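Accompanying notes for the structure given below.
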Amino acid sequence: MSAINPSRFGPFARRDDEPTFDEPWQAQVLALAFTLSEAGLFTPVEWSDALGAELRRANERGEPDDHTTYYAAALAALERLVAKDGSVTTGALSERLEEWRSAYLNTPHGQPVELISGTRR
């Protein structure tokens, strides 16, 4: 019996020679979800339920069934799970997002984005 190639299923199914992920953050969100699940912050079932709920919400909003929607739903599910126990609030997540956005806008082209560039002084 041959090994199953996971790149042929779900959001990982891509055409020949196309990268599995369109952007690095897509791989990072899945790796972070796996790591946090392994650390016990949430169970794999909770992750699956949260991701499914986000995908259903996206479908109800009429969003396309594509890679962009899948990874946006994965990020939203991860944010909900992290905020669920109260150790990180949605307000804190929003504030950090704005800090990164500011850092991005204040970083010269071609330079790495560092969070310090986005903090308010």
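The values are calculated or read from the model by the stated rules, or taken from the named source; none is laboratory data. Quick caveat, the model's predicted, so the values are computed rather than measured. In this analysis, Cβ positions are derived from the backbone assuming ideal geometry, glycine residues included, and neighbour counts consider all displayed protein chains. Note: accessible area is taken over every heavy atom of the protein model, side chains too, but ligands, DNA and RNA are not part of it. Shrake-Rupley method; radii C 1.70, N 1.55, O 1.52, S 1.80 Å.
Inside the stretch 83-105, residues that are under 24 Å from residue 50 (Cα atoms), touching a helix residue (DSSP H, G or I) at 6+ places or on another chain (Cβ under 7 Å) and not polar (S, T, N, Q) make up a count of 3. Of all residues assigned to the stretch 32-46, none qualifies as being open to solvent by less than 60 Å² (accessible area, probe 1.4 Å), charged (D, E, K, R) and in contact (Cβ under 8 Å) with a residue 12 or more places away in the chain.
Yes or no: the stretch 106-114 includes at least one residue that is of a type outside the set (S, T, N, Q) and in contact (Cβ under 8 Å) with a residue 24 or more places away in the chain.
no
So is residue 92 in a helix (DSSP H, G or I), hydrophobic (A, V, I, L, M, F, W, C) and at pLDDT 95 or above or not? Answer is no for this residue. Hey, could you check the stretch 1-31 for residues that are at pLDDT below 70 and of a type in the set (A, V, I, L, M, F, W, C) and say which is least open to solvent (accessible area, probe 1.4 Å)? Looking at the filtered set, the residue picked out is 13.
Which residues, counting only those in the stretch 47-60, are open to solvent by 40 Å² or more (accessible area, probe 1.4 Å) and either among the aliphatic types (A, V, I, L, M) or in contact with a Cys (Cβ under 8 Å, 6 or more places away or on another chain) (or both)?
55
Filtering the stretch 34-50 to residues that are farther than 13 Å from residue 72 by Cα and either touching a Lys or Arg at 6+ places or on another chain (Cβ under 7 Å) or among the hydrophobic types (A, V, I, L, M, F, W, C) (or both) leaves 34, 36, 39, 41, 42, 45, 47.
Filter the stretch 57-103 for residues that are out of contact with any Ser or Thr (no Cβ under 8 Å at 6 or more places or on another chain) and of a type in the set (Ser, Thr, Tyr); which is nearest to residue 32 (Cα to Cα)?
By that ranking, first place goes to 71.
Is there a residue being surrounded by 12 or more Cβ atoms within 10 Å (Cβ to Cβ) and farther than 19 Å from residue 22 by Cβ anywhere in the stretch 61-70? Checked the stretch 61-70: no residue is surrounded by 12 or more Cβ atoms within 10 Å (Cβ to Cβ) and farther than 19 Å from residue 22 by Cβ.
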